[in-house]
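Accompanying notes for the structure given below.
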Amino acid sequence: MGVASGTDAIELALRALGIEVGDEVVTAAATCVPTVAAIESAGATPVLADVDPETGTLDPEALAAACTQRTRAVVPVHLYGQCADMAPILAVARERGLRVVEDAAQAHGAEYGGRRAGTLGDAAAFSFYPTKNLGALGDAGIVVTDDPAVAERVRALRSYGERERYVSVEWGRNSRLDTLQAAVLATKLPFLERWTERRRELAARYHDGLAGTGLVLPVEAPGRRHVYHLFVVRSLRRDVLREQLAARGVETLVHYPRPIHGHPAYAHLARGGALLARSERLAAEALSLPLYPDLRDDEAEQVVAAVVEAVAVEAVAR
Ligand SMILES: *Cc1c(COP(=O)(O)O)cnc(C)c1O
């Protein structure tokens with residue numbers, strides 16, 4: 001069901017699965033704000049759990065530990081284009097009767113155990129914001145599910161609660177997928193697989209070129225197809241590395257400079273002690289190298305050369 005954005009897709013999927021005011025929804029502390037904003041828009045209370053130190057995706061044990069009597073759903077985030085460890089996450093969900101909404105906004109075409117991102121939970125949300133692996137020219141998103149009742153409810157929720165024209169049977173709003181964006185997406189969709197392959201090719205180049213630098217490189221967990229929405233390296237001296245690369249003409253970005261509870265608006269979601277420490281470390285160390293399908297091989301080599309130089313000059317690897 002096409003909707004107006006990835007944020008709306010998460011919200012409407014949660015609502016369609018029956019999540020209500022007072023329900024708790026667990027998600028990873030290492031994500032961008034829309035994941036949590038969508039949980040709040042659904043009326044629920046977000047609860048943050050820590051991530052796996054290698055992949056940066058929701059740690060299944062942290063999920064189990066974050067659950068209370070009121071927990072009704074979990075939103076695992078397929079961060080940077082790699083699926084969260086869904087088998088143990090689904091096991092926790094089954095045990096506790098939680099609904100599962102995948103945040104697949106960065107993971108078009110990613111796989112887990114041979115299954116596509118978006119087919120693993122009760123429902124999933126994709127974003128087609130222009131910077132995503134499949135992007136429109138403006139905002140757009142989609143909810144996918146194999147449950148016809150959930151699909152029907154999302155269709156109603158995105159259109160004023162109407163099950164038939166001009167008959168609203170429940171609360172709903174306007175979250176239509178804009179027709180022009182849909183047309184753009186339809187022309188781009190056939191290229192997605194080719195673009196994904198190109199992303200993986202460039203990532204392989206980075207892995208080869210940077211293996212000796214001592215930088216922490218992205219981990220491709222066994223059985224998961226990473227689609228490299230982002231190629232995120234980690235450095236204890238991330239900001240110095242970033243400056244060194246900028247001085248060599250390489251623009252980098254940080255995804256994301258704060259864990260969710262590091263934002264003033266979400267400070268109240270912080271949890272005691274070291275419960276979210278891995279998410280905090282990721283925010284302090286992560287650096288995204290340039291990676292998009294149009295990046296040329298020689299440009300990727302320039303990036304590799306610049307990183308190798310920066311590491312040699314400034315000892316930024318550890
Ligand atoms: C982009 C993104 C969203 C939100 O999608 P929008 O289309 O921008 O609303 C949610 N979660 C993650 C992980 C994202 O990367």
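Can you name the strands (runs of 3 or more DSSP E) wholly within segment 1-84 that have at least 1 residues being among the polar types (S, T, N, Q) and within 12 Å of the ligand (Cβ to nearest atom)? Don't jump to the end; show me each part of the working.
Values: elements: 24-28, 45-49, 71-75.
Once the strands (runs of 3 or more DSSP E) in segment 1-84 are filtered for at least 1 residues that are among the polar types (S, T, N, Q) and within 12 Å of the ligand (Cβ to nearest atom), what remains is 24-28.
So which helices (runs of 4 or more DSSP H) stay within segment 209-318 end to end and still have 1 or more residues that are under 27 Å from ALA49 (Cβ atoms) and not aromatic (Phe, Trp, Tyr)? Working first, answer last.
Working: elements: 238-247, 277-285, 297-314.
Filter on segment 209-318 gives 238-247, 277-285.
Could you please find all residues in segment 90-116 being open to solvent by 20 Å² or more (accessible area, probe 1.4 Å) and touching a strand residue (DSSP E or B) at 6+ places or on another chain (Cβ under 7 Å)?
Once the filter is applied, which keeps residues that are open to solvent by 20 Å² or more (accessible area, probe 1.4 Å) and touching a strand residue (DSSP E or B) at 6+ places or on another chain (Cβ under 7 Å), segment 90-116 yields LEU90, ARG96, ARG99, GLU111, TYR112.
Kindly indicate which of LEU180, LEU192, LEU185 is open to solvent by 60 Å² or more (accessible area, probe 1.4 Å) and either assigned to a helix (DSSP H, G or I) or not β-branched (Val, Ile, Thr) (or both).
Values: LEU192 fails: open to solvent by 60 Å² or more (accessible area, probe 1.4 Å); LEU185 fails: open to solvent by 60 Å² or more (accessible area, probe 1.4 Å).
Exactly one residue qualifies, and that residue is LEU180.
Just one of the numbered conditions (1) touching a Phe, Trp or Tyr at 6+ places or on another chain (Cβ under 8 Å); (2) under 27 Å from THR196 (Cβ atoms) is not true of ASP59; which one?
Every listed condition holds for ASP59 apart from (1).
I need every pair where a residue in segment 1-13 that is crowded, with 24+ Cβ neighbours inside 10 Å has its Cβ under 6 Å from the Cβ of a residue that is polar (S, T, N, Q), sequence separation at least 6 or different chains.
Filtered contacts from segment 1-13: VAL3/SER175; GLY6/SER127; ASP8/SER175; GLU11/SER41.
crowded, with 17+ Cβ neighbours inside 10 Å and closer than 28 Å to LEU98 by Cα - does that describe any residue in segment 164-175? Walk me through how you get there before you give the answer.
Residues of segment 164-175 crowded, with 17+ Cβ neighbours inside 10 Å: 172, 175.
From the residues that got through so far, the ones that are closer than 28 Å to LEU98 by Cα too are 172, 175.
Scanning segment 164-175 turns up at least one residue that is crowded, with 17+ Cβ neighbours inside 10 Å and closer than 28 Å to LEU98 by Cα.
Which condition number in (1) basic (Lys, Arg); (2) closer than 17 Å to ASP8 by Cβ; (3) within 15 Å of the chain's Cα centre (by Cα) is the one that ARG116 fails?
(2)
Which residue, of THR145, THR119, is crowded, with 21+ Cβ neighbours inside 10 Å, away from the ligand (no atom under 16 Å from the Cβ) and more than 26 Å from PRO259 (Cβ to Cβ)? If you could, list the steps in order and put the result at the bottom.
Working: THR119 fails: crowded, with 21+ Cβ neighbours inside 10 Å.
Result of the check over THR145, THR119: THR145.
Could you grab me the full set of residues in segment 1-30 that are over 15 Å from ALA124 (Cα atoms), among the charged types (D, E, K, R) and in contact with a strand residue (DSSP E or B) (Cβ under 7 Å, 6 or more places away or on another chain)?
Answer for segment 1-30, where residues must be over 15 Å from ALA124 (Cα atoms), among the charged types (D, E, K, R) and in contact with a strand residue (DSSP E or B) (Cβ under 7 Å, 6 or more places away or on another chain): ASP23, GLU24.
Let me spell it out: the conditions are (1) over 30 Å from ARG200 (Cβ atoms); (2) within 14 Å of the ligand (Cβ to nearest atom); (3) among the small types (Gly, Ala, Ser), and ALA151 meets all of them except one. Which number is the exception?
Only one criterion in (1) over 30 Å from ARG200 (Cβ atoms); (2) within 14 Å of the ligand (Cβ to nearest atom); (3) among the small types (Gly, Ala, Ser) is unmet by ALA151, namely (2).
Pairs under 8 Å by beta carbon, first residue in contact (Cβ under 8 Å) with a residue 24 or more places away in the chain in segment 176-194, partner of a type in the set (D, E, K, R) and surrounded by 12 or more Cβ atoms within 10 Å (Cβ to Cβ), six or more apart or different chains?
ARG176/ARG158; ASP178/ASP139; GLN181/ASP139
Filter segment 143-162 down to the residues that are under 24 Å from the mean Cα position of the chain (by Cα), more than 16 Å from ALA42 (Cα to Cα) and not hydroxyl-bearing (Ser, Thr, Tyr) and list them by number.
Within segment 143-162, VAL144, ASP146, ASP147, ALA151 qualify.
The values are calculated or read from the model by the stated rules, or taken from the named source; none is laboratory data. Given the structure is predicted, the values throughout are model-derived calculations rather than measurements. For neighbour counting, all protein chains shown are included, and Cβ atoms are generated from backbone atoms with ideal geometry for every residue, glycine included. Remember, those area values only see protein heavy atoms, side chains included, never the ligands or the DNA or RNA. Shrake-Rupley method; radii C 1.70, N 1.55, O 1.52, S 1.80 Å.
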